[in-house]
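Notes follow once the structure below has been shown.
The values are calculated or read from the model by the stated rules, or taken from the named source; none is laboratory data. The model shown is predicted, which means the values in this text are computed figures rather than measured ones. Counting neighbours? That spans all protein chains shown, and the Cβs are built from the backbone with ideal geometry, glycine included.
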Amino acid sequence: MLTLKNVSAGYGGEDVIKNISLKITGNVSIIGPNGCGKTTLLKTVANILPHKGEIEILGKSNLKRRDISLNIAMLSQQPNIYFSYSVFETVMMGRYIHIKDRFSQTPDKRDNEVVLQSLEAVNLLTEKDRQITKLSGGQLQRVFLARVLAQEPKIILLDEPTNHLDLKCQIEIIEYLKQWSTEGDRAVVGVLHDINQAIKLSSQLIVMKDGEIFANNSAEKIIADGILNRVYEMDVTQYMRSSLVKW
């Protein structure tokens, strides 16, 4: 679904990720210390940052921005600033890529149906007319998830989407996305600090360090080989064994 060939990208002319080559065919979790390039990698795949090298999406490279948006959506941490739209209006923003090329540039019956289905999927249909400024943090993040679903992508990129959410909301979002990815040719690529959540999302882990791929293998293999201990420079395995969330 997603292939990177010698991809480098960064900020101000300085590369943060360097010569990344990957082939992703299903769900995968990307982990690694702060500053290792995880978010930069997602932004590069999402065409937010310019890059060197080649990125193929569903077997095609050099796609236009519109075509990338039709196939890839990104769910980030809850923003601190947002406008006072209704829940329905906010989720409808996910349909923009489908609406903007029409002559009327207005939502049609199909757009409304997709928005309602997306809200139902995250259990917020009854809140569709509420202002998002009146929602809890967990509800708000589910609204943004619904907006991503309304975009109808093939690949969802997660950039620490569960930070600052309570445990119940974290688990619900991860479990829902796992289920979503099983329906058709879909994949979730998640950057998650919590290693237990990363393993719950996907049995495949990509471990990054200093802007490069340090390891790419099954979670079992990476744990057994002590790779996490070396990357994080601590006994990560012991921490995970003592965690309430079993891996």
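Listed values, structure above:
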read-out: Close pairs (7 angstrom Cβ cut-off, 6 or more residues apart or separate chains): in a helix (DSSP H, G or I) in the range 97-124, surrounded by 13 or more Cβ atoms within 10 Å (Cβ to Cβ) and of a type in the set (Gly, Ala, Ser) anywhere; value: Ile97/Ser69; Val114/Ala150; Val115/Ala150; Ser118/Ala146; Ser118/Ala150; Leu119/Ala146; Ala121/Ala146
read-out: In the range 52-96, residue surrounded by the most Cβ atoms within 10 Å (Cβ to Cβ) [restricted to those that are among the aromatic types (Phe, Trp, Tyr) and not in a loop (DSSP other than H, G, I, E, B)]; value: Phe88
read-out: Count of the range 125-148 residues which are at pLDDT 95 or above, assigned to a helix (DSSP H, G or I) and surrounded by fewer than 13 Cβ atoms within 10 Å (Cβ to Cβ); value: 1
read-out: Hey, Thr44 surrounded by fewer than 15 Cβ atoms within 10 Å (Cβ to Cβ), among the β-branched types (Val, Ile, Thr) and out of contact with any Phe, Trp or Tyr (no Cβ under 7 Å at 6 or more places or on another chain) or not; value: no
read-out: The range 173-195: number of residues that are of a type outside the set (Val, Ile, Thr) and part of a helix (DSSP H, G or I); value: 7
read-out: Residues that are surrounded by 15 or more Cβ atoms within 10 Å (Cβ to Cβ) and of a type in the set (A, V, I, L, M), drawn from the range 162-180; value: Leu165, Ile171, Ile173, Ile174, Leu177
read-out: Residue list for the range 149-172, restricted to those being polar (S, T, N, Q), assigned to a loop (DSSP other than H, G, I, E, B) and more than 11 Å from the chain's Cα centre (by Cα); value: Gln151, Asn163
read-out: Subset tally (residues that are over 19 Å from the mean Cα position of the chain (by Cα) and either at pLDDT below 90 or not in a strand (DSSP E or B) (or both)) for the range 196-218; value: 1
read-out: All positions within the range 27-41 that are among the aliphatic types (A, V, I, L, M) and surrounded by 24 or more Cβ atoms within 10 Å (Cβ to Cβ); value: Ile30, Ile31, Leu41
read-out: Some residue of the range 144-152 being of a type in the set (A, V, I, L, M) and farther than 23 Å from Glu175 by Cβ; value: no
read-out: Selected residue [more than 30 Å from Glu120 (Cβ to Cβ) and either touching a residue at least 12 places away in the same chain (Cβ under 8 Å) or not polar (S, T, N, Q) (or both)] from Leu70, Leu58, Leu63; value: Leu63
read-out: Of all residues in the range 23-43 being part of a helix (DSSP H, G or I) and not β-branched (Val, Ile, Thr), the one that is nearest to the chain's Cα centre (by Cα); value: Leu42
read-out: Lone qualifier among Leu63, Leu119 - being outside the structural domain of Val189 (by TED's automatic domain parsing) and in contact with a strand residue (DSSP E or B) (Cβ under 9 Å, 6 or more places away or on another chain); value: Leu63
